[in-house]
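Only one structure is covered here, and it is reproduced in the block below.
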Amino acid sequence: MARRDLSSSPAAALTGAVTAAMAAPPPEFPPEAPLLEVLAAMATARASAVLAVDAMRRPVGILTEQDVTRRVAFRLPPEAPLSAAMTAPPIACAEDAGLWRAVALLRAHRLRHLPVLDAAGRCVGMLHRAETLAAVSGRLLAHLDALAGEDAAVKSAQAGVAAALLAEGVPAREVVALVNGINLELHRRVLERALAEHGPPPLPFTLLVMGSLGRGESLLRPDQDNGLILEDYPDAEHERVDGWFRGFSESFVQGLAQAGFPLCSGGIMARNPLWRKSLAQWKRQFEIWAHRRAGAALLFSDIAFDFRPAWGEAAPAAALRAHLGRVLAAQPALLGAMAAQNASLTVGLTLWGGFTDDEPGPGTRTDLKLHGLMPLVAAARLLALREGVEATGTPARLDALVERRALAAREAEALHDAFDRLLEVVLRQQLADHEAGLPPGNLVDTAALEKPARNALRDGLKAVRSFSRGAISALTGQLW
């Protein structure tokens with residue numbers, strides 16, 4: 001499947017970060033700066049807005065041209081402070097937010113300017129309404145408005161945005177990146193709401209997301225796969241520390257469920273002590289799994305090893321990733337055991353080249369997530385872990401394997417095409433289910449596809465089958 005230049009579609013810009021659309025930061029002043037000085041600086045810089053900042057250069061207010069017209073002209077003396085005319089606190093977005101989030105905020109609050117803040121809360125750029133909205137087509141705006149609403153409304157609007165993007169020709173991989181970004185944003189929202197409810201934590205922590213969300217490949221209805229890395233603390237403090245995190249993590253997990261993320265049937269959630277540990281305990285847990293290499297240890301490894309930080313400091317997650325590399329180097333048999341278990345992940349093709357019937361009852365649809373995406377994801381994970389690749393996304397893993405000469409470029413290209421095609425058919429099926437009022441599923445009626453699409457899907461599954469078998473053989477010595 002040929003990939004295309006995203007710049008050819010204005011809607012595709014929504015899948016990128018706000019940093020790609022922002023202008024330079026506006027002038028900054030302390031709140032007590034006289035308006036005469038502020039307005040002179042605005043005129044000199046030809047700026048349509050300025051920020052009032054605290055001693056740490058964090059925005060505490062914003063003054064726009066509209067504010068000048070409404071509040072300053074003929075109303076305030078030149079020596080009046082900036083704080084007398086500014087809007088406070090300013091609405092802003094984080095620099096790692098998706099552009100979709102910025103558009104939703106601009107429209108929901110009828111803003112003309114939206115500061116972009118770094119992790120320290122300092123302004124690194126400014127989004128201007130006219131230029132930002134120019135990236136969005138009219139049919140998307142109604143859906144984007146809902147993305148500024150309550151959690152459940154955001155989860156529902158997610159499907160409308162995805163459908164509109166696909167209709168405009170945006171590749172499924174980029175649409176899924178946007179869907180995944182919305183899912184991450186909802187996790188952060190729910191977490192911060194739980195923090196507000198429970199108060200300051202007894203020590204710093206990092207939220208980990210795993211599974212498809214950790215890979216950046218989650219679709220419309222992923223269940224929860226999350227955990228917490230807590231800062232190391234003395235054993236004597238356990239009851240106090242864990243007592244707080246028990247209540248907090250239960251609120252977080254239930255909040256996600258209410259937002260549209262089903263509880264994990266395997267209990268891979270922060271409310272489970274197994275997934276809520278200090279960094280030292282997480283490291284020891286990985287060592288235990290590598291030693292046991294059976295049962296739950298293999299199941300958990302498949303999900304957990306796709307972890308990535310989603311909130312809090314990234315350093316603990318980076319330290320855990322480095323430790324995982326050392327564990328796998330010392331205990332390579334774990335990857336062999338994982339590969340042997342993954343041998344059960346077959347592709348959705350019969351011996352004669354037809355598509356398998358995975359649907360209970362009279363239907364004949366094929367589960368192209370379980371029997372398409374998952375064998376590819378699992379094989380890429382195994383080889384990437386063997387080669388010390390830190391990326392968690394499947395396409396990035398394939399590219400890294402080519403760079404390390406662990407995968408031929410031609411095979412990688414075929415796998416990229418298979419991944420894109422499988423993502424698209426599964427996403428379209430989930431959107432159709434959503435439109436019909438059904439839970440988004442993965443069963444696809446391959447007979448309903450046009451013949452060229454059906455043939456291309458069959459070729460993609462054959463490429464996945466060959467890759468999966470090759471990865472398993474390389475790690476287990478098993479011959480097919």
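The values are calculated or read from the model by the stated rules, or taken from the named source; none is laboratory data. Quantities reported herein were computed from a predicted structural model and do not represent experimental measurements. In this analysis, Cβ positions are derived from the backbone assuming ideal geometry, glycine residues included, and neighbour counts consider all displayed protein chains.
Is it true that V176 is in a helix (DSSP H, G or I) and under 22 Å from D433 (Cα atoms)? So V176 passes the test. Flag not set for F307, criterion: crowded, with 19+ Cβ neighbours inside 10 Å and more than 22 Å from V209 (Cα to Cα).
Taking the criterion of being touching a helix residue (DSSP H, G or I) at 6+ places or on another chain (Cβ under 7 Å), surrounded by 18 or more Cβ atoms within 10 Å (Cβ to Cβ) and assigned by TED's automatic domain parsing to the domain that holds P309, would at least one residue in segment 231-247 satisfy it? Within segment 231-247, none of the residues are touching a helix residue (DSSP H, G or I) at 6+ places or on another chain (Cβ under 7 Å), surrounded by 18 or more Cβ atoms within 10 Å (Cβ to Cβ) and assigned by TED's automatic domain parsing to the domain that holds P309. Does L407 satisfy the condition of being crowded, with 23+ Cβ neighbours inside 10 Å, touching a residue at least 24 places away in the same chain (Cβ under 8 Å), in a loop (DSSP other than H, G, I, E, B) and touching a helix residue (DSSP H, G or I) at 6+ places or on another chain (Cβ under 8 Å)? Judged against the criteria, L407 is a match. Within segment 81-136, being out of contact with any Pro (no Cβ under 9 Å at 6 or more places or on another chain), over 26 Å from A164 (Cα atoms) and buried (at least 20 other Cβ atoms within 10 Å of the Cβ) holds for one residue alone: A85.
Scan segment 460-475 residue by residue and report those that are among the hydroxyl-bearing types (S, T, Y) and either crowded, with 18+ Cβ neighbours inside 10 Å or assigned to a loop (DSSP other than H, G, I, E, B) (or both).
S468
Considering L345, L370, the condition of being out of contact with any Asp or Glu (no Cβ under 6 Å at 6 or more places or on another chain), farther than 22 Å from R284 by Cβ and in a helix (DSSP H, G or I) is satisfied by L370 alone. Here E435 meets the list (1) among the charged types (D, E, K, R); (2) within 30 Å of G260 (Cβ to Cβ); (3) touching a Leu at 6+ places or on another chain (Cβ under 7 Å) almost entirely, failing just condition (3).
Annotation: G260 fulfils all but one of (1) in contact with a strand residue (DSSP E or B) (Cβ under 7 Å, 6 or more places away or on another chain); (2) in contact (Cβ under 8 Å) with a residue 60 or more places away in the chain; (3) closer than 28 Å to A97 by Cα; the unmet one is (1). Tally up the residues in segment 420-458 that are more than 23 Å from P360 (Cβ to Cβ), buried (at least 16 other Cβ atoms within 10 Å of the Cβ) and among the polar types (S, T, N, Q), please. Residues in segment 420-458 being more than 23 Å from P360 (Cβ to Cβ), buried (at least 16 other Cβ atoms within 10 Å of the Cβ) and among the polar types (S, T, N, Q): 0 in total. Filtered by the rule that a residue be surrounded by fewer than 19 Cβ atoms within 10 Å (Cβ to Cβ) and touching a Gly at 6+ places or on another chain (Cβ under 6 Å), segment 361-395 gives a lone residue, G388. Taken together, L457, L422, L427 contain a single residue that is assigned to a helix (DSSP H, G or I), within 21 Å of A408 (Cβ to Cβ) and either touching a Cys at 6+ places or on another chain (Cβ under 7 Å) or at pLDDT 95 or above (or both), which is L422. Which of (1) assigned to a helix (DSSP H, G or I); (2) crowded, with 23+ Cβ neighbours inside 10 Å does Q224 not meet, given it meets every other one? Failing condition for Q224: (1).
Checked against the criterion of being hydroxyl-bearing (S, T, Y), surrounded by fewer than 19 Cβ atoms within 10 Å (Cβ to Cβ) and touching a Ser or Thr at 6+ places or on another chain (Cβ under 7 Å), the candidates T346, T350 yield just one match: T350. When each of L186, L219, L191, L213 is tested for being surrounded by 15 or more Cβ atoms within 10 Å (Cβ to Cβ), assigned to a loop (DSSP other than H, G, I, E, B) and of a type in the set (A, V, I, L, M), the lone residue that passes is L219.
Scanning segment 164-173 for residues that are in contact (Cβ under 8 Å) with a residue 60 or more places away in the chain, in contact with a Lys or Arg (Cβ under 9 Å, 6 or more places away or on another chain) and part of a helix (DSSP H, G or I) gives A164, L166, A172, R173.
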